[in-house]
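> Quick one: this structure, given as structure tokens, is what I'll be asking you about.
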Amino acid sequence: MRKHLACAALAVAVAAPLPAQTAAAPKIRIDYTQEVLPNGLTVLYSLDRSTPVVAVEVMYNVGSKHEQVGRTGFAHLFEHVMFKGSRNVADGEHWSLLEKVGGRAGSDINGTTWTDRTNYFEQVPSNYLELALWLESDRMGTLTETLTKDKLDNQREVVKNERRQSVDNQPYGSWFEKMFWYAFPDNHPYRHAVIGSMEDLMPHRSMTSSTSSRLTTHRTTRCSSLPEISIWRRRSHSFANTSAIFRADQRFLHFAA
């Protein structure tokens with residue numbers, strides 16, 4: 001009986017597949033060219049003939065860590081404002097022009113903000129590279145020329161609603177915000193949430209009494225104002241603080257100042 005059991009165990013051991021060897025992770029190599037234009041803009045471009053598509057990304061070296069006390073959420077709010085039109089592009093036209101040539105809002109056309117950077121991107125058929133570049137350059141240079149208080153207030157409400165949907169009205173929605181709060185000490189630039197606090201996003205209202213005993217409401221914008229938006233743009237969205245990245249299937253990826 002023992003002999004039969006031993007033979008059976010040996011047969012099972014021989015028949016069992018050998019443990020698979022761990023395959024080495026494939027090495028990924030992306031060739032690119034980098035140059036700095038005379039105006040200070042850093043440009044990286046890469047050739048990819050796998051699909052007739054161009055990916056454009058403009059990254060600004062500014063994020064929530066650059067915000068001042070009482071101005072949390074400023075970088076993210078500015079990201080929203082960048083889609084509100086410029087000298088040659090009407091409010092909402094940035095989206096519509098790119099969607100007409102095949103871009104999809106959200107997945108192909110969008111912007112994001114994080115602690116260290118803000119980025120904007122478009123992915124469209126490669127023959128529309130010039131359109132993507134023109135849209136980015138127009139808002140980079142002339143955003144504040146057409147920015148109004150109504151546009152700013154509109155996007156402030158949008159950001160407040162984003163906070164309600166993703167944080168305040170979600171079960172355990174504040175866990176990520178609290179994790180950063182407990183992970184970093186006082187005055188650390190990473191301690192507050194990228195989206196900002198509702199207190200800083202909410203206009204501050206104060207009440208004073210006049211000589212006729214009537215109450216007069218004074219509204220002041222705690223989070224941001226048009227002059228602050230202009231200062232933020234000049235300081236953080238300069239050419240020297242910006243990188244532009246392009247990947248396309250054509251060989252015309254060469255830029256001059």
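> Restricting attention to the stretch 44-78, and to residues there that are of a type in the set (Gly, Ala, Ser) and buried (at least 17 other Cβ atoms within 10 Å of the Cβ), which single residue is farthest from the chain's Cα centre (by Cα)? Can you show your working first?
Keep residues of the stretch 44-78 that are of a type in the set (Gly, Ala, Ser), which gives 46, 50, 55, 63-64, 70, 73, 75.
Subset that is buried (at least 17 other Cβ atoms within 10 Å of the Cβ): 55, 63-64, 73, 75.
On the way: Ala55: 15, Gly63: 9, Ser64: 11, Gly73: 13, Ala75: 9 Å.
The qualifying residue farthest from the chain's Cα centre (by Cα) is Ala55.
> If you scan the stretch 235-255, which residues turn out to be at pLDDT 90 or above and over 18 Å from Phe78 (Cα atoms)?
Ala240, Ala244, Ile245, Phe246, Arg247
> Of all residues in the stretch 58-97, which are without any contact (Cβ under 8 Å) to a residue 60 or more places away in the chain and either in contact with a Lys or Arg (Cβ under 9 Å, 6 or more places away or on another chain) or among the charged types (D, E, K, R) (or both)?
Of everything in the stretch 58-97, those that are without any contact (Cβ under 8 Å) to a residue 60 or more places away in the chain and either in contact with a Lys or Arg (Cβ under 9 Å, 6 or more places away or on another chain) or among the charged types (D, E, K, R) (or both) turn out to be Glu79, Phe83, Arg87, Val89, Gly92, Glu93, His94.
> Could you identify the single residue in Asp138, Asp153, Asp116 that is modelled with pLDDT of 95 or more, acidic (Asp, Glu) and under 25 Å from His192 (Cα atoms)? Spell out the reasoning first.
Details: Asp138 fails: under 25 Å from His192 (Cα atoms); Asp153 fails: modelled with pLDDT of 95 or more.
Of Asp138, Asp153, Asp116, the one residue that is modelled with pLDDT of 95 or more, acidic (Asp, Glu) and under 25 Å from His192 (Cα atoms) is Asp116.
> In addition: If I filter the stretch 121-168 down to residues being part of a strand (DSSP E or B) and not charged (D, E, K, R), which single residue comes out as surrounded by the most Cβ atoms within 10 Å (Cβ to Cβ)? Working first, answer last.
Initially, the stretch 121-168 is screened for residues part of a strand (DSSP E or B), giving 121-125.
Now drop any that are not not charged (D, E, K, R), which leaves 121, 123-125.
Values: Phe121: 19, Gln123: 20, Val124: 24, Pro125: 16.
Checked the stretch 121-168; the qualifying residue surrounded by the most Cβ atoms within 10 Å (Cβ to Cβ) is Val124.
The values are calculated or read from the model by the stated rules, or taken from the named source; none is laboratory data. As the structure is a prediction and not an experimental result, all values here were calculated from the model. So basically every Cβ, Gly included, is an ideal-geometry build from the backbone, and we count neighbours across all protein chains shown.
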